[in-house]
1. Can you tell me which residues in the range 159-174 are open to solvent by 30 Å² or more (accessible area, probe 1.4 Å) and at positive phi?
2. Can you tell me which condition Arg36 does not meet? The list is (1) surrounded by 24 or more Cβ atoms within 10 Å (Cβ to Cβ); (2) within 16 Å of the ligand (Cβ to nearest atom), and all the others hold.
3. Among the residues of the range 4-22, which ones are open to solvent by less than 70 Å² (accessible area, probe 1.4 Å), part of a loop (DSSP other than H, G, I, E, B) and within 21 Å of Ala55 (Cα to Cα)?
4. For residues that are within 14 Å of the chain's Cα centre (by Cα) and surrounded by fewer than 24 Cβ atoms within 10 Å (Cβ to Cβ), scanning just the range 175-193, find the one that is farthest from the ligand (Cβ to nearest atom).
5. Name the helices (runs of 4 or more DSSP H) wholly inside the range 202-321 in which the number of residues that are modelled with pLDDT of 95 or more, open to solvent by 50 Å² or more (accessible area, probe 1.4 Å) and not acidic (Asp, Glu) is 2 or more.
6. I need every pair where a residue in the range 276-293 that is among the acidic types (Asp, Glu) has its Cβ under 7 Å from the Cβ of a residue that is in a loop (DSSP other than H, G, I, E, B) and open to solvent by 70 Å² or more (accessible area, probe 1.4 Å), sequence separation at least 6 or different chains.
7. Output yes when any residue across the range 215-230 is within 13 Å of the ligand (Cβ to nearest atom), closer than 20 Å to Thr158 by Cβ and β-branched (Val, Ile, Thr), and no when none is.
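The values are calculated or read from the model by the stated rules, or taken from the named source; none is laboratory data. If you're wondering where the values come from, they're calculated on a predicted model, not measured in any experiment. Note that we place each Cβ from the backbone using ideal geometry, even for glycine, and neighbour counts take in every protein chain shown. Surface areas here come from the heavy atoms of the whole protein model, side chains and all, with no ligands, DNA or RNA. Shrake-Rupley method; radii C 1.70, N 1.55, O 1.52, S 1.80 Å.
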Amino acid sequence: MIQAIRWDDGKLHLLDQRHLPHKEEWLTLTTWEEVRDAIRDMVVRGAPAIGVTAAYGMAIAARSGDDLRQAHDGLAASRPTAVNLFWALERIEQLEYHSPEAIEKEAIEIESEDRALCQRIGELGAALVPEHARILTICNTGSLATAGIGTALGIIRTAHVQGKVQHVYSCETRPRQQGLKLTAWELLRDGIPFQSIPDSAAASLMQAGNVDFVVAGADRIAANGDSANKIGTLMLAICAKRFDIPFVIAAPTTTIDSEMQTGAHIPIEERDPSELTEVDRRRIAPEGCPVFNPGFDVTPADLISNIVTELGVFSYPYNFS
Ligand code: MRU
């Protein structure tokens, strides 16, 4: 299994996802500020992986004798949408003792728990996948995005091992192309049959009857089941409803924000215009071109057939308590 986060004697090693699939380069981080920047700059990304990384950021801060409040607030300001970030920081904050040893132990625990959560989500979700399934997914929700086999991709992996997966359609996921760069990299390594598709091909594939199951991850799930995920997920859910295809969200309960009643107030990260105006650092849009570049959208609960967590498979209307 790919392991993109490694903790080794007080140092955090991250596989730099900005350079995948071309280069497998590791960064070694020794200050919490470097950890914050790595999350912000998407060296590491994906909601559960961001949470695990932030916990290690706190472990580094404690070891260095830094002000823990400052480290907490700095890490919390790195990315706004994935609630796992805030969940992990809160879990560290709630510790009885804030010794370096206690924080390090908790961070290691958060990482190994996430690995187990992914495994369970994979098993529970695979039971929903029909035989000979042609599955469509978006973004990267695999080992690069978690500490384990992944969430949506964990379900695909588990269903593949069970012989249920005929084909995967992996949306390229504009503009950062996590699907084309990262999910394709993971699927190739696992030998799962797939094709990368332009995001805009999803609707016509569904219309042609070529998709049996749609599965995506989440960055934050409100108490009513409204789910924030990578921009473009909402379009997939609307299309799946139109063509009567199951649309499933997979996420650990660490992604559920029970304080948030609906998705209306989930903060949506707006990212740099250059993600849209440039390809491989070469400008393709005219100078002065105004850009709106939201990183996520919110799929209303009633468009989601099931939400799979490690605790079970939930259905609309959602009640996680
Ligand atoms: O901007 P990213 O790459 O961090 O966005 C990731 C996603 O939207 C994932 O679908 C989500 O975090 C779940 S990862 C298991």
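1. Gly163
2. Condition (1) is where Arg36 drops out.
3. Within the range 4-22, the first condition is being open to solvent by less than 70 Å² (accessible area, probe 1.4 Å), and the residues that meet it are 4-5, 7, 10, 12-17, 19-21.
Now restrict to residues that are part of a loop (DSSP other than H, G, I, E, B): 4, 10, 16-17, 19-21.
Result: Ala4, Gly10, Asp16, Gln17.
4. Gln177
5. Working: elements: 202-207, 233-242, 274-277.
Result: 202-207, 233-242.
6. Short answer, once both residue conditions are applied: Glu278/Ile284.
7. yes
Yes/no per residue for (1) among the aliphatic types (A, V, I, L, M); (2) more than 16 Å from the ligand (Cβ to nearest atom):
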position	(1), (2)
Ile60	yes, yes
Asp73	no, yes
Ala88	yes, no
Leu95	yes, yes
His98	no, yes
Ala107	yes, yes
